[in-house]
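Okay, here's the structure, questions in a sec.
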Amino acid sequence: MALLSIVLPSYNEEGNIKNTAEVLSSLLKKNNIEYELVFVDDGSVDGTYELINEAAAKDPNVKGISFSRNFGKEASIFAGLSVATGDAVIVMDCDLQHPAEIIPEMYSLWQQGYEVVEGIKSSRGKEGLFHKMAAGIFYSVMSGLIKMDMKSTSDYKLLDRKVVNVLLSLPEKRTFFRALSFWVGFKTAKVDYEVQERKYGKTKWNFTSLMRYAINNATSFSTLPLQIVTFLGWLLLIFSLILGVQTLVKYFCGTAAEGFPTVILLVLLIGGIIMISLGIIGHYLARIYEEVKGRPKYIIRTHTDNIKGNL
Ligand code: UDP
Ligand code: MG
């Protein structure tokens, strides 16, 4: 029988582990799906790992690994994928905001031959207006950049073993799971779900972390910002041609160009554009630097006893 792995990134989720493990176990048992739960403790500072260990001691289907520090959700997802042994792997949040009830549907789509089953948010749940707007802008920009419709996608997905192996073989260190699962292709189905409310604990995101996430992901998938630099250059050139002609005409007509304000404005404008351009190039340079260093995505501190071998 096929084995289904469920990967659950968990960062300071001590309130959720026990409940999530129980809810998932009973649901999967009820549906006669052979399963394993892979909790990834992303360097939590609360009792998350202790609770994972407890759950693993009680239920051999529960496994867990723990990072040496917080490496972020992307790293947790990829660590979970590499530990999972299932023929299909589901990635979902361990706060159950991704409703477990659609797992049987995802599973049966997989049995019908779909290799990627995307969870699609039919509503974004309870989010502030600002958050909704920012997310809206981010996803339309991203969809344009990577030429795939990313709106309403989430990290809630089922992946076939083939797809997991492809994802694990990608050499890049800075990943964007949500878009990569589009990028790899394969036969894809979609399942709609409503984002649930968080039962325990609170969200790990704030404004700055979301902004950083958005910029990093946009630049990891597109070099369009670099072309904006070229575009700004052209714009400035055209502008300077017009201004140049005007200045010369005025010079030959005997009315000298008005001096100082123009010069100040031009210096500021050009300075600003150059700085922004350098910043954009610098950002890509930093990304290349990080990739070239080739450090691992995460470092595993320990794991539950039921995981065999070296990680
Ligand atoms: N998470 C993680 N590492 C982090 C931040 C979050 O593994 O550095 C996990 C978190 O435990 C949760 C999931 O990612 O299972 C989604 O996080 P959260 O619920 O805080 O985000 P939201 O649902 O509010 O977007
Ligand atoms: Mg959540």
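Every number here is computed from the coordinates shown, using simple stated rules; none is lab data. Not measured: the values here are computed from a predicted model. Glycine also receives a Cβ, built like all others from the backbone with ideal geometry; neighbour counts cover every protein chain displayed.
Take every DSSP beta bridge whose two residues both sit in the chain, then give the antiparallel share in percent to the nearest 5.
30
Can I ask one more? Can you tell me what percent of all Cα-Cα pairs in segment 37-125 are more than 19 Å apart?
Value for segment 37-125 (Cα pairs over 19 Å): 48 percent.
Let me ask another. Given labels modelled 7 Å from the Cα in the Cβ direction, how far is it in nm from V263 to N19?
6.8
Turning to a different aspect of this structure: Just how far, in whole angstrom, is segment 140-219 from segment 11-75 if you go by their alpha carbon centroids?
Comparing the Cα centres of segment 11-75 and segment 140-219, I get a distance of 21 Å.
Ok, one more. What Kirkwood radius, in Å to one decimal, follows from the Cα pairs of segment 115-212?
Kirkwood hydrodynamic radius for segment 115-212: 15.0 Å.
For the chain, what is the calculated [θ] at 222 nm in deg cm²/dmol (nearest 500), taking -39500 (n - 2.57) for each run of four or more DSSP H residues and dividing by its residue count? Don't skip to the end; give the middle numbers.
Numbers: 10 runs with 157 residues, N = 311.
-16500 deg cm²/dmol, from helical runs alone.
Can you work out the PRE-style zone for S143? Point 7 Å along Cα to Cβ, and I want the residues of segment 165-180 with backbone N under 17 Å.
Only 178-180 fall inside the zone, counting backbone N under 17 Å.
For the chain, modelled as a GNM with alpha-carbon contacts under 10 angstrom, which of L237, L248, L269 fluctuates the most?
Comparing L237, L248, L269 in a Gaussian network model of the chain, the most mobile one is L248.
Pull up all non-local amide H partners of E36: gap of 5 or more, or a different chain, and H-to-H distance under 5 Å with H placed in the peptide plane.
L4, S5, I6
Taking 25 Å as R0, compute the FRET efficiency from the Cβ-Cβ separation of T247 and I276 and round it to 0.05. It would help to have the intermediate numbers written out before the result.
Details: r = 26 Å, r/R0 = 1.02.
Given R0 = 25 Å and the Cβ-Cβ separation, E is 0.45.
By how many nm would the segment from T223 to K308 lengthen if fully extended, with 0.36 nm per residue of separation less the alpha-carbon distance?
26.5 nm
Determine ³J(HN,Hα), in whole Hz, for all residues of segment 85-98 in sequence, where each value follows from phi through the Karplus function 6.51 cos²θ - 1.76 cosθ + 1.60 and θ = phi - 60°; x replaces Gly and Pro.
Per residue, the Karplus-derived 3J(HN,Hα) values read 10, x, 7, 9, 10, 9, 10, 8, 5, 8, 8, 6, 5, 8 Hz.
Related question: Exposure proxy check: S82, S44, S169 ranked by fewest other beta carbons within 10 Å?
Listed from fewest to most nearby Cβ atoms, that is S169, S82, S44.
Here's a follow-up. Relative contact order for the chain: what percent, with Cα pairs under 8 Å and sequence separation of 6 or more? Don't jump to the answer; show the numbers that get you there.
Numbers: 446 pairs, mean separation 69.0, N = 311.
Relative contact order comes out at 22 percent.
Shifting gears a bit: For the chain, with a Gaussian network of springs between Cα atoms less than 10 Å apart, report the residue from K204, K18, K73 with the top mean-square fluctuation.
It is K204.
Further question: Based on the Cβ-Cβ distance of R301 and A135, what FRET efficiency does E = 1/(1 + (r/R0)^6) give at R0 = 30 Å, to the nearest 0.05?
That gives a FRET efficiency of 0.35.
With θ set to phi - 60° and the Karplus curve 6.51 cos²θ - 1.76 cosθ + 1.60, what are the ³J(HN,Hα) couplings of segment 235-246 in order, to the nearest whole Hz, using x for Gly and Pro?
The phi angles translate into 4, 5, 5, 4, 4, 5, 4, 4, 5, x, 4, 4 Hz.
Also, quick follow-up: If Lys and Arg each add +1 and Asp and Glu each add -1, what is the summed charge of the other residues whose beta carbon sits under 15 Å from the beta carbon of K293?
Overall, the nearby charge balance is +2.
Whose amide H sits under 5 Å from the amide H of G64, counting only residues 5 or more places off or on another chain, with H placed in the peptide plane?
Distant-sequence amide H within range of G64: F39, T304.
Shifting gears a bit: Determine, for T188, T262, the number of other Cβ atoms within 10 Å of each Cβ, and report the residues in order from fewest to most. Numbers along the way, then the final one.
Values: T188 16, T262 13.
Ordered from fewest to most neighbouring Cβ atoms within 10 Å, T188, T262 come out as T262, T188.
Turning to a different aspect of this structure: Pairing the Cα long axis of helix 17-30 with the longest principal axis of the chain, what angle in degrees results, from 0 to 90 and rounded to the nearest 10?
60
In segment 108-255, with Lys and Arg counted as +1 and Asp and Glu as -1 at Cβ, which of these residues, T230, Q196, G185, has the Cα nearest the positive end of the dipole, that is, farthest along it?
Selected residue: Q196.
Now a separate question. Just going by the charge dipole of segment 252-311, with Lys and Arg at +1 and Asp and Glu at -1 on Cβ, which of I270, Y284, Y298 is farthest out on the positive end?
Of the options given, the answer is Y298.
Apply the Karplus curve 6.51 cos²θ - 1.76 cosθ + 1.60, θ = phi - 60°, to the phi angles in segment 269-286 and return the couplings in whole Hz, x for Gly and Pro.
Result, rounded to whole Hz: 4, 5, x, x, 5, 5, 4, 4, 4, 4, x, 4, 4, x, 4, 5, 4, 4.
Cα convex hull of the chain: how many Å³ per residue?
Numbers: hull volume 49.0 nm³, N = 311.
Considering the Cα atoms of the chain, their hull volume per residue is 158 Å³.
Using only Cα atoms and rounding to the nearest 10 degrees, what angle (0 to 90) does helix 129-146 make with the longest principal axis of the chain?
Orientation of helix 129-146: about 80 degrees from the principal axis.
Further question: When a footprinting reagent is the concern and you count Cβ atoms within 10 Å, what order do R295, R287, R301 take, fewest first?
R295, R301, R287
For segment 1-63, what is the Kirkwood hydrodynamic radius in Å, using each pair of distinct C-alpha atoms?
One over the average 1/r among Cα pairs gives 11.8 Å for segment 1-63.
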